[in-house]
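The values are calculated or read from the model by the stated rules, or taken from the named source; none is laboratory data. Just so we're clear, the structure is a prediction, and the values are computed from it rather than from any experiment. Here the Cβ is made from the backbone with ideal geometry for all residues, glycine too, and neighbour counts use every protein chain on show.
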Amino acid sequence: MDQAFREGRSFFAQQVERVDDLSKEVEEILGHCSFQKGLTTHAVRCRKSSPLVTTKLVGGKGERTIIEICDYLMEEEINIIGVYGMGGVGKTAILMHVHNRVLKNPAFNDVFWVTIPQEFSICELQDEIANAIRLDNLSKDRDIRRRASILNRLLKKKRSILILDDLWMHFNFEDVGIPVEKGGIKLILITRSLDVCDKMLCQKQIEIKPLYCNGVWDLFLNKLCFRRVLPSEVKKIASSILYKCGGLPLGIIEIATHMRGVKEVHEWKDLLQKLENSMMELNVFKKLKLSYMNLGNIQVQHCFLHLMFCFEGEYFEDGIIEKVLIESFIDEGLLSGIATRQELHDQGKIILDKIKKACLAVDIDEGYVSVHPLIRDMALQIVTTTTHMVKVNMELKEIPKDKFWTDHLEKVFLQSNDIKEIPYGISPNCPKLTRLSLNNNVSLEAIHESFFRHMKGLKVLDLSETKITKLPDTISHLESLEALLLRECEGLHYIPCVRKLGSLKKLDLIGCAMLEEVPEGMEMLVKLTYLDLLCTNIKALPEGVLGKLVNLQYLVINYMMKREKEKMEGLYCSSPDVETFNEYVSFLEQNSSQPYDLALSASRNYLQNSSQPYDLALSASRNYFFRDMHERRIIIESCHSIAAKVDGEIGGDGHALLPKNVQVLKVRWCDEVTRLCEVGPFDNLEELEIEKWEKLEELGAVHFPLLQRLNITGCSKLKHLLQVGEGLPHLQGFKIEGSKELEGINIVAPSLYGIEVYGCPNMKRVVEFEWLDTRLPNLRSIKIKNCEKLEETIGGLVMLIGKTYCLTKIEIQGCNNLKMVLLMQHMSLHLPFLREISVQDCKGIEVIIGTIPNMMQPSFLHLTHLTLSNLPELKSICDGTMSCLSIESINIKFCPKLNGLPLLDDGLPYPPPFRRPIWIDCLTWQSLERDHSLSPPSLEHLARRYGPSKDPVPRYTRGEGVSDQRIVKYIKSCDSIVARVDGEISGNGCNLLLKNVQVLIVGRGSGVTSLSEVGPLENLEDLTIRGWEKLEELGAVHFPHLQKLNITQCSKLKHLSVEGQGLPRLE
């Protein structure tokens, strides 16, 4: 401005107003700041934050995370990054490195670190941010809105990073004054809650996980003894101790610090014993307990503790684990209110979601309840030993003695031990005991009558998966019992009278295969809501019993002969004939919103002629019904015909009538249906499986507006899929197998994502390009297997110039008539999103990508994965040259005639930087070496796998402490090896090595007697040799850069002395 006035330039009115606004803003900021005389805000803007004191990170993952976060910070579109993980996992340590690295980045003016106060308030957070950005005296102004305005205006001008550490709850940016907008300040949140990341709208969420094996040992030894070698016995004990730490850095550091200077073995053993018995109070527990306290309310906390003690380490079939956990919450009375079972499950899902997001290292997503060892020990610290007895998976052979059963006990967990019996003489006096878990004691055969005599308050008794054959009669007197769980007690044949169990709400007998009748007095269980008799020998309930179970919500039973109950929340049963089946369909229509699972048994003729057991459809697994507890499903093993039920219809004239609201329909052996459209309409149908409909010829004008999955198997006469009418607008997955006359997948399915075609011998092409445009516009994946006449994957010509399609993945296997996968013209111009190609076991294929004359060099802009296996006639991947700019993984084996690889734009057949290894078997590699168009330098960066063995091969491309681009050679076995001489091709029977190989692994059978025969290898860094039967000495080796040498099972090796230049860098 001053310069402009001197030069006599004039200004527009808007510019003058802008100057006035800036002047006022400066005055306002100065009013809230204390500057020494003569200083201005210029000094504040110029002074950068100081670097933080950091700790050395172990393992390679920490460094990779730092790079990942720094890369995200450089992306213009990303303003908020969330970093989350359990307490003590190293989030703050990693972000301190990020802080210092960004300080050196000229793209940012500054980095501000703010630790959130535990007693969170908007006002305190504003003060902390003001201190960090050196805005003094903001605390004098107590108006939160005015303070937010000042912070907002000041932070807007900063191209900086604001790191908020230890954030426990979400807040509104506007309330604090943090401007979150493109081109402005960027925000990194460090938290122990994934929920906080979600609610703070983090665009990238990065989880920090515990350390792996190598990192654990490095950290432990660094903190214990500066990496000095431990005595072997101490090391063994230390390994067990570290296992209890579960890779948590804070726990490892505390243990290492505690054991510094301790040399006596018995002291190490004492520490291990205390940890195994959860008797050691560690400071790390206090940090972990904060996450438990932050769960929000008592109900969620109690559910968390229940998971810790009841389910740790248990496996469940995939897809049912959440339902099992929620059912256990219901049994325990942890879900509040009088509600339907569906509403209780909805409550349970919300609670499980909160536990998952709380970073308490509880993994319940993969069919297995996994709990971090220190989290479990923390949970044990929370409950008292006077009220809880927790001895889970401790290999107990006997029930604990009477002295452990105090009158204050409330819950006892003894599951997953090896207790064989509970004998006479053990009669605990535990009037307050409400839960007793003895499940998974797979050797438990007998319980004496006296054991339950003084447990009058017992509410939940779990004896599941034991060998018990009969329950003691004293069970009949547990009048407070609400849940009796006897799942998978396969030898159980007797349950005493249950007449007095008036409080019983749940009786779970699934899998009690020897049980032939329900217990006496069942009709008196008026509070019973849940009864599961699946996979028992109980054919049906006695007449009149079901009508007296007035509160029954959920029933699973093998057969129901006739309808006795007018209302039920969930029905899972089988009917022996069409008439009974149709009667229950009418009942289901009256309870239209409730889940059900109804099966129609096969006819007697079918059962006599079938080699498969009838139980297959009814119970594919013992948790079959439990898997989809809230679906409406119909399963029919065999029938003449099926049809949707018309309002008021009862008989069906021999047809199996189907409820119109069915969601899942699975039908085998339907004899009379020729067109699928005869079955519907079904407005709610989401999944349809049909198998062996012998007369089915076409789909027709079906009306399944919500259908998402369609599987057709063994319908040999099916010829036509083309539909008219409303089509299948929501179909996402389509699988067809064994249709002998089908020639193509011609269906109208605008949402279809994936097609799978197996064993269709007459199919010559899967789809047409025209269909991709008009009928299958969102198709992403095509999988084809054993289609003998297949000639093309995608046939026809593209009608519109410049048209692109969504296809990302093509998998082909066992199609011997196929000569090529795709034409390059189609690939490069019309399938730009193709990521994966896999071709296996195709005897006739000669080229993967064909070209047309006089076309420009094609390029794969996005192809990432290429797999080629057992293609004996394959000569080239592409007829001409081909560029692959994004390739990440190549796996080629048993392609002995292959003579070319895809190239990058620099002409080399490997992609730097390479994220995953290239695997090429020996025969294919030799074929590539004979290809004179590939010079040896072009092959140098390929990882090589030799031999057809399926043994696991070490992966060196992304290991701890190993470069991402090292040149690796793996030889399973050979007679001799030697470094390649320039221009040498044959090797005279020796296996030739690239002279610049960096990692070399050689297995058994080598005829080498002295290691010096192998070199010189100037760049070799890592050498592993196994089973060299004739190796006698190292000799005058020349490996100047060798850092690691592993020698295993070389029985004749006598001399380790190294002559010549030696191994100067060996670590």
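Data overview
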quantity	calculated
Any hit, segment 209-232, residues being touching a His at 6+ places or on another chain (Cβ under 9 Å) and of a type in the set (Asp, Glu)	no
Residue among Lys223, Lys209 that alone is of a type in the set (Lys, Arg), within 35 Å of the chain's Cα centre (by Cα) and outside any helix (DSSP H, G or I)	Lys209
One residue from Ile252, Ile298 being buried (at least 19 other Cβ atoms within 10 Å of the Cβ), modelled with pLDDT of 90 or more and either on the phi < 0 side of the Ramachandran plot or among the charged types (D, E, K, R) (or both)	Ile252
Residue within segment 234-243 that is assigned to a loop (DSSP other than H, G, I, E, B) and of a type outside the set (Lys, Arg) present	no
Any hit, segment 383-390, residues being exposed (fewer than 13 other Cβ atoms within 10 Å of the Cβ), outside any helix (DSSP H, G or I) and out of contact with any Phe, Trp or Tyr (no Cβ under 9 Å at 6 or more places or on another chain)	yes
Residue, nearest to Met96 (Cα to Cα), within segment 158-172, restricted to residues that are in contact (Cβ under 8 Å) with a residue 12 or more places away in the chain and part of a loop (DSSP other than H, G, I, E, B)	Ser160
Qualifying residue in segment 501-522 (condition: under 23 Å from Ser450 (Cα atoms), touching a Ser or Thr at 6+ places or on another chain (Cβ under 8 Å) and in contact (Cβ under 8 Å) with a residue 12 or more places away in the chain)	yes
Output for segment 335-379, where each listed residue is buried (at least 19 other Cβ atoms within 10 Å of the Cβ) and part of a loop (DSSP other than H, G, I, E, B)	Leu335, Ala358, Cys359, Leu360, Ala361, Ile364, Val369, His372
Residue match in segment 237-249 (condition: aliphatic (A, V, I, L, M), crowded, with 21+ Cβ neighbours inside 10 Å and touching a residue at least 60 places away in the same chain (Cβ under 8 Å))	yes
Scan of segment 151-172 for residues that are more than 17 Å from Glu76 (Cβ to Cβ), surrounded by 15 or more Cβ atoms within 10 Å (Cβ to Cβ), at pLDDT 90 or above and not hydrophobic (A, V, I, L, M, F, W, C), ordered by number	Asp165, Asp166, His170
Any chance Gln342 is modelled with pLDDT under 90 and among the polar types (S, T, N, Q)	yes
Residue satisfying all of: in segment 131-155; in contact (Cβ under 8 Å) with a residue 60 or more places away in the chain and among the charged types (D, E, K, R); nearest to Ile185 (Cα to Cα) among these	Arg153
Subset of segment 665-723 [outside any strand (DSSP E or B) and under 30 Å from the mean Cα position of the chain (by Cα)]	Asn684, Leu685, Glu686, Leu706, Leu707, Gln708
Yes/no for Asp175 being among the charged types (D, E, K, R), crowded, with 18+ Cβ neighbours inside 10 Å and either out of contact with any Ser or Thr (no Cβ under 8 Å at 6 or more places or on another chain) or not in a helix (DSSP H, G or I) (or both)	no
Segment 448-498, residues that are charged (D, E, K, R) and within 43 Å of the chain's Cα centre (by Cα)	Lys459, Asp462, Glu465, Lys467, Lys470, Glu482, Arg487, Glu488, Glu490
Residues of segment 833-861 satisfying the condition of being at pLDDT below 90 and loosely packed, with under 15 Cβ neighbours inside 10 Å	Phe833, Ile852, Pro853, Asn854, Met855, Met856, Gln857, Leu861
Qualifying residue in segment 461-473 (condition: crowded, with 20+ Cβ neighbours inside 10 Å, modelled with pLDDT of 95 or more, outside the structural domain of Leu360 (by TED's automatic domain parsing) and in contact with a Ser or Thr (Cβ under 6 Å, 6 or more places away or on another chain))	yes
The listed residue being at pLDDT below 90 and at negative phi, out of Leu752, Leu772, Leu790, Leu707	Leu772
Selection from segment 79-121 of residues that are surrounded by 16 or more Cβ atoms within 10 Å (Cβ to Cβ) and of a type in the set (Val, Ile, Thr)	Ile80, Ile81, Val83, Val89, Thr92, Ile94, Val98, Val102, Val111, Val114, Ile116
Number of the exception - Thr406 against (1) touching a Cys at 6+ places or on another chain (Cβ under 9 Å); (2) under 27 Å from Lys506 (Cβ atoms)	(2)
Residues within segment 519-539 that are closer than 20 Å to Glu569 by Cβ and not in a helix (DSSP H, G or I), tallied	10
Conditions (1) touching a Leu at 6+ places or on another chain (Cβ under 9 Å); (2) among the polar types (S, T, N, Q); (3) at pLDDT 80 or above: number failed by Thr1048	(1)
Segment 59-115 - residue that is assigned to a loop (DSSP other than H, G, I, E, B) and touching a helix residue (DSSP H, G or I) at 6+ places or on another chain (Cβ under 6 Å) and, of those, farthest from Asn131 (Cα to Cα)	Gly59
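Listed here are the residues, each with its yes/no results for (1) within 30 Å of Gln347 (Cα to Cα); (2) small (Gly, Ala, Ser); (3) in a helix (DSSP H, G or I).
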{"position": "Glu281", "(1), (2), (3)": "no, no, no"}
{"position": "Val284", "(1), (2), (3)": "no, no, yes"}
{"position": "Leu288", "(1), (2), (3)": "yes, no, yes"}
{"position": "Ser291", "(1), (2), (3)": "yes, yes, yes"}
{"position": "Gln301", "(1), (2), (3)": "yes, no, yes"}
{"position": "Phe304", "(1), (2), (3)": "yes, no, yes"}
{"position": "Leu307", "(1), (2), (3)": "yes, no, yes"}
